[in-house]
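The values are calculated or read from the model by the stated rules, or taken from the named source; none is laboratory data. Every value quoted in this text rests on a predicted model; they were computed, and no experiment measured them. Cβ placement follows ideal geometry from the backbone for every residue including glycine, while neighbour counts extend to all protein chains displayed.
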Amino acid sequence: MRIALLSNPSSGRGRHAAADDVARRLLTEAGHEVLHVRGSSYEQARCAGRALLGDGPHRSVEALVVVGGDGMVHLGVDIVATTGVPLGVVATGTGNDIARHFGLPSRDVEDSTHLINQALSGEGAIMAVDAIYASRPDGSLLDPERRWSLAVVSAGVDAAVNARANTLSWPAREGRYVRAFTAELATLAPYSYRVTTDEGSWEGPALLLAAANTRYVGGGMDLAPQADPTDGLLEVLRLDPVGRARLLSLFRRLFRGTHLTDPAVHVERSRSVTIEALAERTGHDRGCVRLLTPSPTGNRWPSCPCALRPFPTPSGCSYQLRADPARRVLS
């Protein structure tokens, strides 16, 4: 089988820079023809991956394997969405939250490539899963890197924490998220939103809004314990404004997934979600985002273990997010 292997050597702060060479060697030894592309930027990697996939009967590869962290998995989802090409993941990043959701190996190239080879050879499973598609409510397109994601789209304090964590060089792994969260407490304030789901609309202040297709964020925080990426629905979570002490308590409970019983946490399930940011906040513009769940056509596309990409809600524009039936996960 001809496989496209797409990698980001800087994933995981470069700690697993040789992982793509190991994956290529193991897949080649398993009898596959491997076309290896290293991307130095999102757009370069996206264009190279799409060029390798081609269109219809002229497609040059039969599967895409990504090596890297959560961002690389979302890139892979962006490339294979609507193509029918299965996506395999060799998770070498910091959080690896989607690998965690699907029970896939983390930072173990040999086990990951073994599972991918089993799936492609018919000895393992290729799952059909949903993904989140984002657009403006009028249907106009977002930038390519913001259209497709597989795990969680969030706005509010979670997006702010993630943005801060991405600038930190220490501590390792999820420790950066904890450090960023502590720093964000100093400027804690609610955001003003209008949220529209299948059940209706709500408007008011909230510290966090999230639409979850899979369970985990931040390197193992069990944000949405009931999220199922095969049911065509998003878990929509909203956190009311609370004080710092209570927020810290909820933060600790996130790791156990017990936060949902707090009366300040609201959860509903919806096929589509529209989130509008109604007031400007430092570093954010006014705007709206719509999340869409699986499309009514029931098209399913291949996807694989990867991790989330928080989606800060910009103001001044509108976006839609939909959990669309994704492709197949090699597991």
| remark: Checked region 230-247 for anything in contact with a helix residue (DSSP H, G or I) (Cβ under 9 Å, 6 or more places away or on another chain) and within 23 Å of T214 (Cα to Cα); matches are L237, L239, L247
| said: I'd like the residue in region 110-139 that is of a type in the set (A, V, I, L, M) and closer than 17 Å to G31 by Cα and, out of all such residues, is surrounded by the most Cβ atoms within 10 Å (Cβ to Cβ). | reply: I116
| task | Could you check how many residues of region 229-258 are touching a residue at least 24 places away in the same chain (Cβ under 8 Å), in a helix (DSSP H, G or I) and either charged (D, E, K, R) or within 15 Å of Y216 (Cα to Cα) (or both)? | result | 3
| said: R136 - would you say it is of a type in the set (K, R) and either more than 23 Å from Y216 (Cα to Cα) or free of Cβ contacts under 8 Å to residues at least 24 places away in the same chain (or both)? | reply: yes
| note | Given the conditions (1) hydrophobic (A, V, I, L, M, F, W, C); (2) surrounded by fewer than 20 Cβ atoms within 10 Å (Cβ to Cβ); (3) over 25 Å from A245 (Cα atoms), every one holds for A186 apart from (3)
| query | Do the conditions hold for V22, that is, is it at pLDDT 90 or above, within 21 Å of the chain's Cα centre (by Cα) and among the aliphatic types (A, V, I, L, M)? | reply | no
| message | It is to be established whether one or more residues within region 157-169 are exposed (fewer than 15 other Cβ atoms within 10 Å of the Cβ), in contact (Cβ under 8 Å) with a residue 24 or more places away in the chain and part of a loop (DSSP other than H, G, I, E, B). | response | yes
| Could you say whether any residue in region 125-145 is assigned to a helix (DSSP H, G or I) and under 21 Å from the mean Cα position of the chain (by Cα)? | yes
| message | So G76 passes all but one of these: (1) in contact with a Ser or Thr (Cβ under 6 Å, 6 or more places away or on another chain); (2) closer than 24 Å to R215 by Cβ. Which condition number does it fail? | response | (1)
| task | Look at A91 and say whether it is surrounded by fewer than 24 Cβ atoms within 10 Å (Cβ to Cβ) and either touching a strand residue (DSSP E or B) at 6+ places or on another chain (Cβ under 9 Å) or closer than 19 Å to W148 by Cβ (or both). | result | no
| said: Would you confirm whether or not region 48-70 contains a residue that is touching a helix residue (DSSP H, G or I) at 6+ places or on another chain (Cβ under 8 Å), among the β-branched types (V, I, T) and assigned to a helix (DSSP H, G or I)? | reply: no
| Condition check for L141: of a type in the set (A, V, I, L, M, F, W, C) and free of Cβ contacts under 8 Å to residues at least 40 places away in the same chain | yes
